[in-house]
Amino acid sequence: MSKWTTSPREALRAGKGFDLAAFDPSSRPGWDHSRAAGEARLAKNGVRLGELQERLFADGRTGGTRSVLLVLQGMDTAGKGGIVRHVIGLVDPQGVQLKSFGVPTETERAQHYLQRIRDGLPTPGHIGVFDRSHYEDVLVVRVNELVPREVWEPRYDEINAFEKEVVDGGTTIVKVALMVSPAEQKARLRERLERPDKYWKYNPGDLDVRTQWPLYQEAYQAVLDRTSTEHAPWYVVPADSKWYARMAIGRLLREALEDLDLGWPPADFDVEAELARLDAQPT
């Protein structure tokens, strides 16, 4: 079985001085093998993911306080939905809590911008997935000037403090920025326009957003510079190769679950006595 040459945790982490302009969305950091090998690695990883997720779920059912939150950010067509289907789909759905954050509702706009995020946090024993997240409030809001700079500028520090609170409360946060190239995004949008089974995925507004590409790159760079912390680092994942992105995120999620070091909850009853009762019953 082909192996990583460098762990995704090391190869993909946005450390100090990370330069998004020099980042290659078609690269495959830490992986020198074929697509077939990568897909085989994801499948094997899925077996381990399933066991770890079940341990987390069992822990939550027996009074545990731990959970894991996967935050997915990326431009349109970057593959967030594919991660949900092909990576999160490897585990038992009853242990997953998925939230998609689109345009705030009228009620949400009347609240603090982090309130709907708090309401969507995973409960103990679950893997939470945010398809877009609180970072929309320093990405879309910034690029489209939906509020003045003096409103969105303090949000980086607010988000860092919020995430520290969440981590201290028992939730491991895995933040992933899926980065697709303009050329690959254009090809994926074309596919949506040429295939009737993909019309439903197409939004004419996506072409308007493409004209803002430099502004979004600037906004993403600020996010990576100011919110990749020790307690909640960012991992920047090249998304031109869908199979690579899925494999890499599967590994990041697995390592987050392994770090919890959860065993199986002990029985809170007399096992031998229950076996005796079972044996005494007719077949």
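The values are calculated or read from the model by the stated rules, or taken from the named source; none is laboratory data. Since the model is a prediction, treat every value here as computed from it, not as a measurement. Cβ atoms come from the backbone with ideal geometry, glycine included; neighbour counts cover every protein chain shown. When the accessible area is computed, the model is the full protein with side chains, heavy atoms only, and any ligands, DNA or RNA have been set aside. Shrake-Rupley method; radii C 1.70, N 1.55, O 1.52, S 1.80 Å.
Taken over the range 193-227, the criterion of being farther than 22 Å from residue 176 by Cα and touching a residue at least 12 places away in the same chain (Cβ under 8 Å) is satisfied by 202, 203, 207. Annotation: of all residues in the range 179-237 being of a type in the set (D, E, K, R) and part of a loop (DSSP other than H, G, I, E, B), the one that is surrounded by the most Cβ atoms within 10 Å (Cβ to Cβ) is 195. Residues in the range 28-37 that are assigned to a helix (DSSP H, G or I) and open to solvent by less than 30 Å² (accessible area, probe 1.4 Å): 37 only. Taking the conditions exactly as written (out of contact with any Leu (no Cβ under 9 Å at 6 or more places or on another chain) and either closer than 22 Å to residue 170 by Cβ or open to solvent by less than 60 Å² (accessible area, probe 1.4 Å) (or both)), does residue 40 satisfy them or not? When the stated conditions are applied, residue 40 passes them.
Of all the residues in the range 77-113, those that are touching a residue at least 24 places away in the same chain (Cβ under 8 Å), exposed (fewer than 13 other Cβ atoms within 10 Å of the Cβ) and under 25 Å from residue 205 (Cβ atoms) number 1. Counting only residues that are loosely packed, with under 13 Cβ neighbours inside 10 Å, in contact (Cβ under 8 Å) with a residue 40 or more places away in the chain and assigned to a helix (DSSP H, G or I), the range 11-22 holds 1 of them. What are the residues in the range 149-169 that are surrounded by fewer than 15 Cβ atoms within 10 Å (Cβ to Cβ), over 19 Å from residue 216 (Cβ atoms) and not aliphatic (A, V, I, L, M), if any? Hits for the range 149-169 are 150, 154, 157, 165, 168, 169. When the range 119-135 is limited to residues that are free of Cβ contacts under 8 Å to residues at least 60 places away in the same chain and part of a helix (DSSP H, G or I), the one that is farthest from residue 249 (Cα to Cα) turns out to be 119. Out of 92, 76, 59, one residue alone is acidic (Asp, Glu) and at pLDDT below 95. It is 76.
Restricting 252, 275 to residues that are assigned to a helix (DSSP H, G or I) and closer than 28 Å to residue 140 by Cα narrows the list to 252. Scanning the range 238-257 for residues that are over 26 Å from residue 54 (Cβ atoms) and open to solvent by less than 10 Å² (accessible area, probe 1.4 Å) yields a total of 3. The residues of the range 114-127 that are open to solvent by less than 30 Å² (accessible area, probe 1.4 Å) and either over 19 Å from the mean Cα position of the chain (by Cα) or hydrophobic (A, V, I, L, M, F, W, C) (or both), listed by number, are 114, 117, 127. Screening residue 116 with (1) assigned to a loop (DSSP other than H, G, I, E, B); (2) out of contact with any Pro (no Cβ under 6 Å at 6 or more places or on another chain) gives one miss only, at (1). Among the residues of the range 230-270, just one is without any contact (Cβ under 8 Å) to a residue 12 or more places away in the chain, of a type in the set (Asp, Glu) and farther than 23 Å from residue 173 by Cβ, namely 270. Scanning the range 62-72 turns up no residue that is in a helix (DSSP H, G or I), open to solvent by 70 Å² or more (accessible area, probe 1.4 Å) and either under 24 Å from residue 214 (Cβ atoms) or modelled with pLDDT of 95 or more (or both). From the list 25, 8, the lone residue that is within 23 Å of residue 185 (Cα to Cα) and open to solvent by less than 70 Å² (accessible area, probe 1.4 Å) is 25.
For (1) in a helix (DSSP H, G or I); (2) over 13 Å from the mean Cα position of the chain (by Cα); (3) within 26 Å of residue 169 (Cα to Cα), each residue gets a yes or a no:
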position	(1), (2), (3)
45	yes, yes, no
50	yes, yes, yes
60	yes, yes, yes
84	yes, no, yes
103	no, yes, no
112	no, yes, yes
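Residue under question is residue 226, and the condition is that it be touching a Lys or Arg at 6+ places or on another chain (Cβ under 9 Å), of a type in the set (Lys, Arg) and modelled with pLDDT of 95 or more; does it hold? So residue 226 does not fit the description; no.
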